[in-house]
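Notes follow once the structure below has been shown.
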Amino acid sequence: MEINDICFLTEHFGSATKIPCRVLMHGGYTIVPGEASERDREPFFSDEKLATGMWTLAQEAYGVQIVSEGDWLRYALFHVKNEMCVVLGPVCYGMPEDAECARYRVRHALRASDWRPAVLDREAFVSAVLLAYFCFTGERLTPEEIGMPKTGGYDLDQNRLELYIHEQKLEENERNQITYQREQASLQTIRDGDPETARARSMELGALELLPRKAADVRKHYEYLACSTIAVAAHVAMDSGVRAELAYSLIDVGQQRLSVCRTIQEMVRLMQDTMVGFAYCVQSSRGRKAIGYYTEGCEEYIRRHLYTPFTVREMARDLGFHPNYLSAKFVRENGISITRYVRKLRMEIAANLLRYSDMEIGAVAQHLCYATQSHFGEHFRAEYGVSPQRFRMREKRK
């Protein structure tokens, strides 16, 4: 069999069966499938002892020999010609534990932390081995002719294990430091009220390898991450001048969106929208005047009654002032009437609900105490120059 034929069979057999397939040459040359050609991911490149040991065992074997590494891994090896042999595996007959995979990486000096063996039952592995033997040699064997497992004898070097653990800790600390710096840079865009930079920074949230894992389940990890992102971004925004009622309304919107996210991509998009949304809110809050005594009392009342109908007369009565006196003081301190202020605040919340949620426009109007959708639409158009529907379509296209 020509070397080109060997390469063809090696690559396509491994791709079809998902069982690692290598050909070892007498001179130490190893043929592996293309996707496993990186030296830090390929044990026959990184551990000369493994390749030499398999070559030696193949010279002593007749037909196919099964070799065990520890109690959980199996290799199969056989001759193709005197100067080369085929090695299939390692294969695990059951789902391996993380500790066992870590020991394998340490033993063979692998740096790829995501290495996993192929998992097959014994019958499937034996069938694949017999098929490979026929493809490479043109000869047939029965399952009974496969030799009993031998132990490869690849003992774990304790010094290598300690070095590996130390290096892993250093890499983890470095990854966490990078993540922390990027997180702080993203939060700074909220403090600065810079939506465009926030959008660019938030694109990094999709980089799986740069995020510290909070759970073994990647999807659950992103649920935790999205939830914490919403909460942290809201508090940074409030510290930067965003009204508490607006920030809390966006938290509610974010939690509602998170509850219906079906994919990781949707959760990443939610985190991106959250960062940009709060940066936009900080930008909008810039330039507010210092809050005076009357304004502070009015705003506290409005925060508590924002989602229930009330009149200026009712607010003045509860605060212990005459309505005309309170209105005049509020305009003098804030430069805007109480009614206009409440409407502006509700329109800000409406705009964010239209941007970042899928609530029906009628539901948004009802949520903000409007008796009819048309009345809500008139106020929204007066504030933003377009109808709620056109505003939502425009924002979704950004």
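The values are calculated or read from the model by the stated rules, or taken from the named source; none is laboratory data. Since the model is a prediction, treat every value here as computed from it, not as a measurement. Glycine gets a Cβ as well: all are built from the backbone with ideal geometry, and neighbour counts include every protein chain shown. These accessible areas exclude ligands, DNA and RNA; they are computed on the full protein's heavy atoms, side chains included. Shrake-Rupley method; radii C 1.70, N 1.55, O 1.52, S 1.80 Å.
Values computed for the structure shown
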| item | result |
| --- | --- |
| Exclusive hit being farther than 22 Å from A363 by Cβ and either at pLDDT below 85 or within 12 Å of the chain's Cα centre (by Cα) (or both), set E245, E300 | E300 |
| Enumerated strands (runs of 3 or more DSSP E) restricted to the stretch 49-124, each holding at least 1 residues that are open to solvent by 50 Å² or more (accessible area, probe 1.4 Å) and more than 14 Å from P20 (Cβ to Cβ) | 73-81 |
| V331 vs. criteria out of contact with any helix residue (DSSP H, G or I) (no Cβ under 6 Å at 6 or more places or on another chain) and at pLDDT 85 or above | yes |
| Any chance A128 is in a helix (DSSP H, G or I), in contact with a helix residue (DSSP H, G or I) (Cβ under 7 Å, 6 or more places away or on another chain) and either surrounded by 14 or more Cβ atoms within 10 Å (Cβ to Cβ) or modelled with pLDDT of 80 or more (or both) | yes |
| Residue that is modelled with pLDDT under 80 and under 30 Å from N4 (Cβ atoms), where the choices are A112, A207 | A112 |
| In the stretch 356-381, residue least open to solvent (accessible area, probe 1.4 Å) [restricted to those that are free of Cβ contacts under 8 Å to residues at least 12 places away in the same chain and closer than 25 Å to A316 by Cβ] | Y370 |
| Hey, R269 closer than 22 Å to D358 by Cα and open to solvent by 50 Å² or more (accessible area, probe 1.4 Å) or not | yes |
| Matching residues, the stretch 302-355, being aromatic (F, W, Y) and either surrounded by 19 or more Cβ atoms within 10 Å (Cβ to Cβ) or in contact with a strand residue (DSSP E or B) (Cβ under 7 Å, 6 or more places away or on another chain) (or both) | F330 |
| For I336: the one exception among (1) modelled with pLDDT of 85 or more; (2) part of a helix (DSSP H, G or I); (3) among the aliphatic types (A, V, I, L, M) | (2) |
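Residue-by-condition table, conditions (1) over 30 Å from Q272 (Cα atoms); (2) among the charged types (D, E, K, R); (3) more than 39 Å from the chain's Cα centre (by Cα); (4) not in a helix (DSSP H, G or I):
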residue	(1), (2), (3), (4)
R304	no, yes, no, no
Y307	no, no, no, yes
S327	yes, no, yes, no
V331	yes, no, yes, no
R346	no, yes, no, no
L354	no, no, no, no
V364	no, no, no, no
E383	no, yes, no, no
